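The values are calculated or read from the model by the stated rules, or taken from the named source; none is laboratory data. Remember, it's a predicted structure, so these values are computed and weren't measured experimentally. Backbone-built Cβ (ideal geometry, glycine too); neighbour counts: all protein chains shown. Please note that ligands, DNA and RNA were not included when accessible areas were found on the heavy atoms of the full protein model with its side chains. Shrake-Rupley method; radii C 1.70, N 1.55, O 1.52, S 1.80 Å.
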Amino acid sequence: MKVFPVLLVLSISTAAAQSERSAKNFFKDKTKIENPFNLRDPFKAPLMKGEGKRSGRGFEITGKGQYSNISEAPLEQLNVGNLKVLGVLIGKERRAMVSNGEKGRVVILKEGMKLGAEGTELKAILPGGIVLVEKIVNVYGEEEFLETVVPISK
């Protein structure tokens with residue numbers, strides 16, 4: 001009677017090993033796909049392009065109850081001479097959307113921000129454009145303020 005359980009266990013283990021070998025060889029004649037068991041699950045949605053690499057929350061907290069998925073651009077690198085105003089948002093907190101000539105790159109600015117290497121200040125955001133104020137030293141050694149109005153580009 002003790003021989004029967006041992007024989008049963010041996011036969012089950014050899015059958016399992018044989019079934020694994022037969023499963024690997026099952027698709028050999030039927031498909032040209034080299035390893036069909038390593039394909040993705042067709043019932044799961046594929047990962048998006050940047051989904052697997054992304055770390056973090058994907059947004060920044062800009063203030064109390066304010067969230068933004070737009071990354072902050074280094075404002076010192078903006079060239080004030082090439083600014084194009086794409087649009088303005090008028091309301092409680094005014095915003096201006098500007099482009100620096102780079103295709104597809106939009107920077108959102110608030111009043112009071114310093115732009116460029118010279119430290120040009122965004123003084124006002126108006127319905128027709130923005131007002132930039134730059135502090136310079138004139139030929140007499142006196143400080144002057146230059147105001148530049150940049151209209152909304154069409």
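The figures follow:
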item	result
Members of the range 85-99 found to be open to solvent by 30 Å² or more (accessible area, probe 1.4 Å) and either on the phi > 0 side of the Ramachandran plot or not β-branched (Val, Ile, Thr) (or both), listed by number	Leu86, Leu89, Gly91, Lys92, Glu93, Arg94, Arg95, Met97
Selection within the range 109-154 - hydroxyl-bearing (Ser, Thr, Tyr) and either surrounded by 13 or more Cβ atoms within 10 Å (Cβ to Cβ) or at pLDDT 90 or above (or both)	Thr120, Tyr140, Thr148
Selection count where residues are under 21 Å from the mean Cα position of the chain (by Cα) and at pLDDT below 85, scope the range 77-105	8
The one condition in (1) small (Gly, Ala, Ser); (2) modelled with pLDDT of 75 or more; (3) open to solvent by 80 Å² or more (accessible area, probe 1.4 Å) that Ser55 fails to fulfil	(2)
Every pair of residues 6+ apart whose Cβ atoms lie under 7 Å, when the first sits in the range 134-154 and is over 14 Å from Glu121 (Cα atoms) while the second is among the β-branched types (Val, Ile, Thr) and surrounded by 10 or more Cβ atoms within 10 Å (Cβ to Cβ)	Pro151/Val85; Ile152/Val85; Ile152/Val88; Ser153/Val85
Test: residue in the range 25-44 that is at pLDDT 75 or above, acidic (Asp, Glu) and more than 18 Å from the chain's Cα centre (by Cα)	yes
